[in-house]
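Novice: Let me begin by handing over the structure; questions about it come next.
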Amino acid sequence: MSDLRTELKESIIEQLNLEELSVEDIENDEHLFGDGVGLDSIDALELIVLLEKDYGIKLTDPQQGKDIFVSINRMAEFIEAHRTK
Amino acid sequence: MNKQYYISNFTSIKKGAVYNAKNKIFESELELNEIDLFLKEAYNFLALSYPKFFKMDRLSKLGILASEVLLKNESLESDTAIILSNSTSSLNTDKTHQESINQIVSPSIFVYTLPNIVLGEISIKYQLQSENAFFISDTFDAELIADYTNDLLAFEKAKNAVCGWIDLKNAEYDVFLCLISEEGDVPFTQKNLEQLYYFENE
Amino acid sequence: MKKIYLHEDAIISPLGFTTTENIQAISAKKSALKLHPNSRFENNNFYAGIIDNDLLSQAFLKIGDASKYTKLEQMMILAVDGVLKNRKQTNFQQLQLIVSTTKGNIDILQSNSNFPENRVLLSELANTVKEFFGFKKKPIVISNACISGGLALAVARRFINSDRFEEAIVVGGDLVSEFVVSGFNSFQAISNEPCKPFSANRNGISLGEAAAAVFVSKNREVSKNVSLFADSSANDANHISGPSRTGEGLYKCLSIALNEARLTPSQIDYLSAHGTGTIFNDSMEAVAFTRSGLQEVPINSYKGYYGHTLGAASLLESILVKHSLLKNTLFSSKNFEVAEGENPLNIIKDHKDSNLTYAIKTSSGFGGCNLAMVFKKEEDE
């Protein structure tokens, strides 16, 4: 597991208050908004905040979130391509 | 049609303790100002399995804990009204949001800057799709709450009700929640509501 | 449950400091939504309906010392004053003040505020209004997100029916504060243009501030009047900020309210929706209205004129419904451009004269709350 993916999981667990989940519980290609991790619309907004705060990426169109936040892998790919921090 | 309603059960949470009716079911060893740890301890004690709890602010956590004690063993109809009140609205979370205004604003904090969100959280957990109201008063106004709840029941706007007080002044909490239904021993009156609110263990 | 009647009212908003001024502005299709500077937004500005502070103080100075009252207090006091000065005799011993707001004097939390922190308490706000006029009864304060204003009317009706009091002044108000602007911005909810309720090309809300007040009682008093005669509120039990996709709570309210009113959808002449301009809220309402058989009823939202005035909205808009009924005028749903393909509604595109008797007002808010009220124009029997 690359550092970024682990880092992302740790951030998500902390930022989104996923108290009962640990890094091991989140698969890299698992659907974050599905039954497992079970993120909702407010979590999606928090992920937009996380992208800016931790990686300096400001999403111009929040609708992009639907594509980017599908899984840890997709998020990591997007961050690697666009991060400014 | 004048049905008689009763305070079927009640719960309170204050000073590090949780009560089911007049029985103290949990007492924390923590310092009284350690509210966040207390909320977590109480969650664990009640064996609540509800991950959403950890996303909530303190006011909603208090509401969910109290409703768990009150409603866990009830099979409630969705026509159960929820009427709550407090003195500080959502001030605790308001201050957290205010502090962030010039930096990174968190939507998951902002959403809790309304006192009625706790009504929403309770409604979601127990699938109650009925009348809601959140009143603000500087102290628990048993007359207002009893009158309004009685009106909703008498005018058949709801079949049962959860009503009470859920106050948070900084780290000091005072929660008093009642289930009002056609079953029970204690008639639902302002006087009885007041007496139960002021009940002190021992 | 019996009906209550809506008597004198007042609206304090960027469109005017009397109801008459506000109705004239709406008739002239004016909007309160203007560009205001704010570095939070892309062009360093955003559209909002904000009351000019100097105009407000000038108006307030006629009745009190503006330096002693916060902006929201001035707005609410002017609204209540506007109601009282048109009433002949009011018993201040018996009159019940009901105050509705979501955030009250939240601007006090800013470090540069001149007011003590305890004024941020909503009961303090209500007491300040009560003391200004010398009312005797302890105010009732309602804070229930964006249905607060209408819920306050419903609460008045319920309490009047149980004889807790006979007469009440219901006042609602909220500010466009940095507090709420920053919050709604974090929700990506604020449109970069004036909001377009129900339009397929809508992309968010515009915020607004206003105060509105109305005198209600069980006494009809005059032969031509508007009554509130059915109401219901219900929670979606779905999500704390996202409306139910099936419009569950609102559909339930509408069913109960229509049932209480003993009306069928085809008897409703007009529906004033919540219509905030977000994709989700307006879609949810369209679903609920269609499920309730109300898709042919002429529908508008007032948010294009005022923006979303939060704790004032449902009350302010109910007052506009009242005047709509009395004037037999349907006001256009401002900024509506493109019809939705799914669950299309009969959106009022231009001001139109029409014989109106029954109207529904709906509201929804964070926390999954919903409210439906049915109003009737009562004429000579």
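Novice: Could you list, in sequence order, all residues of segment C:107-121 that are free of Cβ contacts under 8 Å to residues at least 60 places away in the same chain, within 13 Å of chain B (Cβ to nearest Cβ), of a type outside the set (Gly, Ala, Ser) and outside any helix (DSSP H, G or I)?
Specialist: Those that are free of Cβ contacts under 8 Å to residues at least 60 places away in the same chain, within 13 Å of chain B (Cβ to nearest Cβ), of a type outside the set (Gly, Ala, Ser) and outside any helix (DSSP H, G or I): C:Asn112, C:Leu121.
Novice: Of all residues in segment C:256-274, count the ones that are without any contact (Cβ under 8 Å) to a residue 60 or more places away in the chain and either among the hydrophobic types (A, V, I, L, M, F, W, C) or over 21 Å from C:Glu317 (Cα atoms) (or both).
Specialist: Residues in segment C:256-274 being without any contact (Cβ under 8 Å) to a residue 60 or more places away in the chain and either among the hydrophobic types (A, V, I, L, M, F, W, C) or over 21 Å from C:Glu317 (Cα atoms) (or both): 4 in total.
Novice: Considering only segment C:341-363, how many residues are closer than 26 Å to C:Ile256 by Cβ and part of a loop (DSSP other than H, G, I, E, B)?
Specialist: Final tally of qualifying residues: 8.
Let's see how each residue does on (1) in contact with a strand residue (DSSP E or B) (Cβ under 8 Å, 6 or more places away or on another chain); (2) small (Gly, Ala, Ser); (3) more than 30 Å from B:Asn132 (Cβ to Cβ); (4) modelled with pLDDT of 95 or more:
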{"site": "C:Ala66", "(1), (2), (3), (4)": "no, yes, yes, yes"}
{"site": "C:Met76", "(1), (2), (3), (4)": "yes, no, no, yes"}
{"site": "C:Phe115", "(1), (2), (3), (4)": "no, no, yes, yes"}
{"site": "C:Val141", "(1), (2), (3), (4)": "yes, no, no, yes"}
{"site": "C:Ala156", "(1), (2), (3), (4)": "yes, yes, no, yes"}
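Novice: Could you count how many residues in segment B:136-163 are among the acidic types (Asp, Glu) and within 7 Å of another protein chain (Cβ to nearest Cβ)?
Specialist: 3
Novice: Moving on. What number goes with the only condition from (1) over 30 Å from C:Asn112 (Cα atoms); (2) at the interface with chain C (Cβ under 8 Å from one of its Cβ atoms); (3) part of a loop (DSSP other than H, G, I, E, B) that B:Ala133 does not pass?
Specialist: (3)
Novice: With respect to the numbered conditions (1) within 18 Å of C:Leu122 (Cα to Cα); (2) open to solvent by 10 Å² or more (accessible area, probe 1.4 Å), which one is the sole condition not fulfilled by B:Asn102?
Specialist: Among (1) within 18 Å of C:Leu122 (Cα to Cα); (2) open to solvent by 10 Å² or more (accessible area, probe 1.4 Å), B:Asn102 violates only (1).
Novice: To continue, here is another question. With the structure loaded, tell me whether C:Val374 is more than 14 Å from every other protein chain (Cβ to nearest Cβ) and either open to solvent by 40 Å² or more (accessible area, probe 1.4 Å) or in a helix (DSSP H, G or I) (or both) or whether it fails that test.
Specialist: Considered against the rule, which asks whether it is more than 14 Å from every other protein chain (Cβ to nearest Cβ) and either open to solvent by 40 Å² or more (accessible area, probe 1.4 Å) or in a helix (DSSP H, G or I) (or both), C:Val374 comes out as no.
Novice: Out of everything in segment C:198-210 that is crowded, with 20+ Cβ neighbours inside 10 Å and either more than 9 Å from C:Thr278 (Cβ to Cβ) or among the hydroxyl-bearing types (Ser, Thr, Tyr) (or both), what residue ends up being farthest from the chain's Cα centre (by Cα)?
Specialist: C:Ser199
Novice: Further question: Residues that are under 13 Å from the mean Cα position of the chain (by Cα), more than 17 Å from B:Lys52 (Cα to Cα) and within 14 Å of chain B (Cβ to nearest Cβ): find the helices (runs of 4 or more DSSP H) completely inside segment A:22-83 holding 1 or more of those.
Specialist: Correct list: A:41-55, A:65-68.
To keep it simple, each residue is scored yes or no on (1) farther than 28 Å from B:Ser108 by Cα; (2) more than 11 Å from every other protein chain (Cβ to nearest Cβ).
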residue: C:Glu221; (1), (2): yes, yes
residue: C:Lys224; (1), (2): yes, yes
residue: C:Asp231; (1), (2): yes, no
residue: C:Asn235; (1), (2): no, no
residue: C:Ser244; (1), (2): no, no
residue: C:Tyr251; (1), (2): no, no
residue: C:Arg262; (1), (2): yes, yes
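Novice: Shifting gears a bit: Got at least one residue in segment B:105-113 being touching a Pro at 6+ places or on another chain (Cβ under 8 Å) and open to solvent by less than 60 Å² (accessible area, probe 1.4 Å)?
Specialist: Within segment B:105-113, none of the residues are touching a Pro at 6+ places or on another chain (Cβ under 8 Å) and open to solvent by less than 60 Å² (accessible area, probe 1.4 Å).
Novice: Failed condition for C:Asn112, given (1) open to solvent by 20 Å² or more (accessible area, probe 1.4 Å); (2) in contact with a helix residue (DSSP H, G or I) (Cβ under 6 Å, 6 or more places away or on another chain), with all others met?
Specialist: Going through (1) open to solvent by 20 Å² or more (accessible area, probe 1.4 Å); (2) in contact with a helix residue (DSSP H, G or I) (Cβ under 6 Å, 6 or more places away or on another chain) one by one, C:Asn112 breaks only (2).
Novice: Looking at C:Gln96, C:Gln89, which is the one that is more than 9 Å from chain B (Cβ to nearest Cβ) and within 27 Å of C:Ser364 (Cβ to Cβ)?
Specialist: Among C:Gln96, C:Gln89, only C:Gln96 is more than 9 Å from chain B (Cβ to nearest Cβ) and within 27 Å of C:Ser364 (Cβ to Cβ).
Residue-by-condition table, conditions (1) outside any helix (DSSP H, G or I); (2) more than 10 Å from every other protein chain (Cβ to nearest Cβ); (3) open to solvent by less than 10 Å² (accessible area, probe 1.4 Å):
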residue	(1), (2), (3)
C:Ser123	no, no, no
C:Asn127	no, no, no
C:Phe135	yes, yes, yes
C:Val141	yes, no, yes
C:Gly150	no, yes, yes
C:Ala154	no, no, yes
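Novice: C:Glu178: without any contact (Cβ under 8 Å) to a residue 60 or more places away in the chain and within 11 Å of chain B (Cβ to nearest Cβ), yes or no?
Specialist: For C:Glu178, the condition - without any contact (Cβ under 8 Å) to a residue 60 or more places away in the chain and within 11 Å of chain B (Cβ to nearest Cβ) - is not met.
Novice: Here are C:Ser354, C:Ser332, C:Ser318, C:Ser314: which of them is under 17 Å from C:Leu207 (Cβ atoms) and either within 13 Å of the chain's Cα centre (by Cα) or not basic (Lys, Arg) (or both)?
Specialist: The conditions single out C:Ser314.
Novice: Run C:Phe184 past the list (1) in contact (Cβ under 8 Å) with a residue 40 or more places away in the chain; (2) open to solvent by 10 Å² or more (accessible area, probe 1.4 Å) and report the number of the one that doesn't hold.
Specialist: (1)
Novice: Take B:Ser181 and decide whether it is more than 22 Å from C:Asp163 (Cα to Cα), in contact (Cβ under 8 Å) with a residue 24 or more places away in the chain and either open to solvent by less than 10 Å² (accessible area, probe 1.4 Å) or away from chain C (no Cβ under 13 Å) (or both).
Specialist: Criteria met by B:Ser181.
Novice: Looking at segment B:135-161, which of its residues are within 13 Å of B:Leu84 (Cα to Cα) and either crowded, with 19+ Cβ neighbours inside 10 Å or at pLDDT below 95 (or both)?
Specialist: If the condition is that a residue be within 13 Å of B:Leu84 (Cα to Cα) and either crowded, with 19+ Cβ neighbours inside 10 Å or at pLDDT below 95 (or both), then B:Phe135, B:Ile136, B:Ser137, B:Phe140, B:Asp141, B:Ala142, B:Leu144, B:Ile145, B:Ala146, B:Tyr148, B:Thr149, B:Ala161 are the ones that fit.
The values are calculated or read from the model by the stated rules, or taken from the named source; none is laboratory data. Bear in mind the structure is a predicted one, so any value in this text is a computation, not a measurement. Neighbour counts are summed over all protein chains in view; Cβ atoms, including those assigned to glycine, are modelled from backbone coordinates with ideal geometry. Just the protein is used for accessible areas: all its heavy atoms, side chains included, with ligands, DNA and RNA removed. Shrake-Rupley method; radii C 1.70, N 1.55, O 1.52, S 1.80 Å.
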